[in-house]
Amino acid sequence: MEQIFQLFLFNETFIQDSMPLPLCKRARASRNKKARGREFYGYCAAKKEKFFGFRLHMITTCKGIPVSIQILPGSFHDLTPIYETTFILPCGSTLLVEKAFNSQPIEEILQDFGLTLIPLRKKNHKSQWLFHQERFIKKNRRRIETSFSILTDVFSLQRLKARTLNGFFLKVYAALLALVFHLTFLVD
């Protein structure tokens, strides 16, 4: 899978976000045999919903093609896999991220590695972006949301029915591979 993702690393601008991968309804979490523990209880602020399962952290190109993924338990914050997902990006790249990534120390550390982290700013943040900069970030961030919509609606990633944890991961990776082929060959 990683070899396929490396084919698309020639871009300079990338987008990172995460989405929930529920294993089951939260009310059935105590009976779930695929995963157990408090670390699988997560919250998706964008959807304002709680879930039980994993969280897919993904970096895409500006066309929405995944180049780096990390699957972690649902309770982990978006900043947790930032170093693991960004190490594959070429030096001099720009990474557009959401408001959850507003962290000056992480911006400085990634700057030392040659990556520029550009998060959407919260309203109470000291240094705000100019209007055209914020518009550029929002416009380009829509692409990863579209990729997540394709994964959810076309490939039914939110409603995976798997008997084992390995089967669950197999279906997730198959959906991601299908997304790569869908965006590469079927969409201009």
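The values are calculated or read from the model by the stated rules, or taken from the named source; none is laboratory data. The model shown is predicted, which means the values in this text are computed figures rather than measured ones. Neighbour counts are summed over all protein chains in view; Cβ atoms, including those assigned to glycine, are modelled from backbone coordinates with ideal geometry.
Scan region 146-188 residue by residue and report those that are closer than 18 Å to ASN32 by Cβ, of a type outside the set (A, V, I, L, M, F, W, C) and in contact with a strand residue (DSSP E or B) (Cβ under 8 Å, 6 or more places away or on another chain).
GLN158
Just one of the numbered conditions (1) within 28 Å of LEU96 (Cβ to Cβ); (2) part of a strand (DSSP E or B); (3) at pLDDT below 90 is not true of LEU9; which one?
Every condition holds for LEU9 apart from (2).
Show the residue pairs that are 6+ apart or on different chains and have beta-carbon atoms under 7 Å apart, the first residue being within region 139-157 and farther than 11 Å from CYS62 by Cα, the second being aliphatic (A, V, I, L, M) and at pLDDT below 90.
Here the result reads LEU151/LEU157, each pair linking region 139-157 to a residue that is aliphatic (A, V, I, L, M) and at pLDDT below 90.
If you check ILE82, ILE109, ILE144, ILE150, which single one turns out to be under 16 Å from the mean Cα position of the chain (by Cα), surrounded by fewer than 19 Cβ atoms within 10 Å (Cβ to Cβ), of a type in the set (A, V, I, L, M) and at pLDDT 85 or above? It would help to see each step written out before you state the result.
Values: ILE82 fails: surrounded by fewer than 19 Cβ atoms within 10 Å (Cβ to Cβ); ILE109 fails: under 16 Å from the mean Cα position of the chain (by Cα); ILE144 fails: surrounded by fewer than 19 Cβ atoms within 10 Å (Cβ to Cβ).
None of the others qualify; the one that does is ILE150.
Tell me whether region 56-71 contains one or more residues that are in contact with a His (Cβ under 9 Å, 6 or more places away or on another chain), among the polar types (S, T, N, Q) and over 12 Å from PRO22 (Cα atoms).
The initial filter retains those residues of region 56-71 that are in contact with a His (Cβ under 9 Å, 6 or more places away or on another chain), namely 68-71.
If we keep only those that are among the polar types (S, T, N, Q) too, we end up with 68, 70.
Next, only the ones that are over 12 Å from PRO22 (Cα atoms) stay: 68, 70.
Yes, because at least one residue in region 56-71 is in contact with a His (Cβ under 9 Å, 6 or more places away or on another chain), among the polar types (S, T, N, Q) and over 12 Å from PRO22 (Cα atoms).
Is there a residue in region 114-133 that is at pLDDT below 85, within 19 Å of LYS63 (Cβ to Cβ) and either in contact with a His (Cβ under 9 Å, 6 or more places away or on another chain) or of a type outside the set (Phe, Trp, Tyr) (or both)? Step through it out loud before you land on a result.
Within region 114-133, the first condition is being at pLDDT below 85, and the residues that meet it are 118-133.
So of that shortlist, the ones also within 19 Å of LYS63 (Cβ to Cβ) come out as 118.
Remaining after also requiring either in contact with a His (Cβ under 9 Å, 6 or more places away or on another chain) or of a type outside the set (Phe, Trp, Tyr) (or both): 118.
Within region 114-133, one or more residues are at pLDDT below 85, within 19 Å of LYS63 (Cβ to Cβ) and either in contact with a His (Cβ under 9 Å, 6 or more places away or on another chain) or of a type outside the set (Phe, Trp, Tyr) (or both).
Considering only residues that are in contact with a strand residue (DSSP E or B) (Cβ under 7 Å, 6 or more places away or on another chain) and among the acidic types (Asp, Glu), look in region 95-144 and name the one that is nearest to MET19 (Cα to Cα).
GLU98
Which of the residues spanning region 27-53 are free of Cβ contacts under 8 Å to residues at least 40 places away in the same chain and surrounded by 17 or more Cβ atoms within 10 Å (Cβ to Cβ)?
Correct list: ALA29, PHE40, GLY42, PHE51, PHE52, GLY53.
Is it true that some residue in region 36-56 is in a strand (DSSP E or B), among the acidic types (Asp, Glu), modelled with pLDDT of 90 or more and within 20 Å of GLU84 (Cα to Cα)?
Taking region 36-56 as the starting set, the residues that turn out to be in a strand (DSSP E or B) are 41-44, 49-56.
Keeping just the survivors that are among the acidic types (Asp, Glu) gives 49.
Next cut, modelled with pLDDT of 90 or more only: none.
No, the conditions are met nowhere in region 36-56.
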